[in-house]
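Structure record follows, encoded as structure tokens.
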Amino acid sequence: MDHVARRATPRRYLMCPPVHFKVTYSINPWMDPAKPVDVPLAVAQWEDLRDRYRSLGHTVEELEPRPDLPDMVFAANGATVVDGRVLGASFAYPERQPEAAAHLEWFRAHGFRHVHEPTHINEGEGDFAVTSSYVLAGRGFRASPLSHGEAQEVFGRPVIGLDLVDPRYYHLDTALAVLDDATDDVMYYPGAFSPGSQAVLRRLFPDALIAEEPDAVALGLNAVSDGLHVLLPQAAVGLFQPLRDRGYEPIGMDLSELLKGGGSVKCCTQELRQH
Ligand code: ARG
């Protein structure tokens, strides 16, 4: 690939510390309630991620964790914010449903004036990914296809529906990451998508970075990029060189404890896009 000069732009993120993280129920194939979770380690790994964002010049806001909501650390699922407009979440499983109100309350308390309470099920940035041209939207396991039309109406951007077919990749953000939201550069794992959705992705992003299975299984696509630095699970070793070849600086993070809940870097990070 031709050398492209990448540029980081400052971001604002919303995160929620995993002080009450546990795996007491199983709503995705990664979650095994029989496996113990080391909460102090989860917190230390999460703090590493938060501090890394801050050292890169990004702003991290913190949401107050609630003891009865062990998955609240996965803050990406609580809403989607594009151009300062907030589309709240509505969770597929009752265990997580109260998280939606906690997020709405935070947005209202922090001066967001366009806050839309959803009619249809959507799990925030778990299933919505924002590029400069589109909102990519997963469906099949969590978000209702009807939420795609709702997102298009709220954001006024074209929403592209993508069908997820492998339960390990139950959210779009476990199978696809936006690397550069100014030039529409993405990486994804084709095996997570239906044949038709794979064809759509090839058509929209012919130069995308294509991930191999071992990196997808390490949740390597659950990554966050500021346009230059790409924070991703350190076990996804096969993605590092391809990212460097495209001009990015990959930064490996260890979120092994949170992987027991079925999430990693991106799941812990909701981006607050103001403009
Ligand atoms: N245990 C959570 C669930 O299954 C994990 C969510 C991960 N978040 C994400 N954005 N993929 O709902």
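Just a few scattered comments:
- Segment Arg12-Val165, extension gain: residue separation times 0.36 nm, minus the distance between their alpha carbons: 51.9 nm
- The chain, relative contact order in percent, only Cα pairs under 8 angstrom and at least six apart counted: 23
- Of all DSSP-defined beta bridges confined to the chain, some 45% are antiparallel rather than parallel.
- Taking all protein chains into account, the per residue accessible area for the chain stands at 40 Å² (1.4 Å probe).
- Debye equation applied to the C-alpha atoms of region 1-129, log10 I(q)/I(0) at 0.16, 0.17, 0.21 Å⁻¹: -0.88, -0.98, -1.32
- Relative counts (whole %) of C-alpha pair distances in region 123-226, using bins that are 10 Å wide: 17, 54, 28, 1
- Distance between the C-alpha centres of region 197-211 and region 104-175: 20 Å, rounded to the whole angstrom.
- At q = 0.15, 0.16, 0.29, 0.31 Å⁻¹, base-10 log of I(q)/I(0) for region 156-207 (Debye sum, equal scatterers on each alpha carbon): -0.40, -0.45, -1.30, -1.37
- About its Cα centre, the dipole of region 24-133 is roughly 260 debye, where the only charges are +1 on Lys and Arg Cβ and -1 on Asp and Glu Cβ.
- Using every pair of distinct Cα positions in the chain, the Kirkwood expression returns a hydrodynamic radius of 18.3 angstrom.
- Using just its DSSP H runs of length 4 or more, each adding -39500 (n - 2.57), the chain gives a mean residue ellipticity at 222 nm of -6500 deg cm²/dmol after division by all residues.
- Note on region 172-275: Kirkwood hydrodynamic radius from all Cα pairs is 13.7 Å, rounded to one decimal.
- Length available on full extension from Val43 to Leu204: 0.36 nm per residue minus the Cα-Cα distance, which gives 54.1 nm.
The values are calculated or read from the model by the stated rules, or taken from the named source; none is laboratory data. Note that the structure is predicted; figures quoted are calculated from it, not measured. With ideal geometry, Cβ positions are generated from the backbone for all residues, glycine too; neighbour counts draw on all protein chains shown. Surface accessibility is based on the protein's heavy atoms, side chains included, excluding ligands, DNA and RNA. Shrake-Rupley method; radii C 1.70, N 1.55, O 1.52, S 1.80 Å.
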